[in-house]
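The values are calculated or read from the model by the stated rules, or taken from the named source; none is laboratory data. A quick note: this is a predicted structure, and the numbers were derived from the prediction, not measured. Heads up, the Cβs are rebuilt from the backbone with ideal geometry, glycines too, and the neighbour counts pull from every protein chain shown.
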Amino acid sequence: MTKAKVYKSKVSAAIHEMAADLHDADVIDKKTMREFDDSCLTPIHEFTPDQIRALREREHVSQTVFSYYLNISKDSVSQWERGEKRPAGTSLKLLSLIEKKGLEAIA
């Protein structure tokens, strides 16, 4: 299964798709493709427990509702906010999108 890419904009998506096609055709190299990835894809970063809580509260949702949108358990959100566990992978990407565009971006 291929992970869905989330782009900064429709223009970025089109540029990235074209670059990926050029890479597949061996017209551009891996280094150039990585540069396109960095410029077109939504960046992700680590979140502290306080940042996760603040993000959820900014969106005015409970841990249960937040977990529903992230497709994880309520206990996971609770553990993130207490610092017992840290989000990774897809969860980090979704948190980055929520941070930038709001919860409606993934709804």
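Observations on the model:
- Sole residue being touching a helix residue (DSSP H, G or I) at 6+ places or on another chain (Cβ under 7 Å), of a type in the set (D, E, K, R) and modelled with pLDDT under 95, chosen from 104, 81, 46, 99: 99
- Matching residues, segment 59-94, being under 22 Å from residue 43 (Cβ atoms), in contact (Cβ under 8 Å) with a residue 24 or more places away in the chain, of a type in the set (A, V, I, L, M, F, W, C) and part of a loop (DSSP other than H, G, I, E, B): none
- Residue list for segment 17-46, restricted to those being part of a loop (DSSP other than H, G, I, E, B) and either under 27 Å from residue 99 (Cα atoms) or touching a Ser or Thr at 6+ places or on another chain (Cβ under 7 Å) (or both): 42, 43, 44, 45, 46
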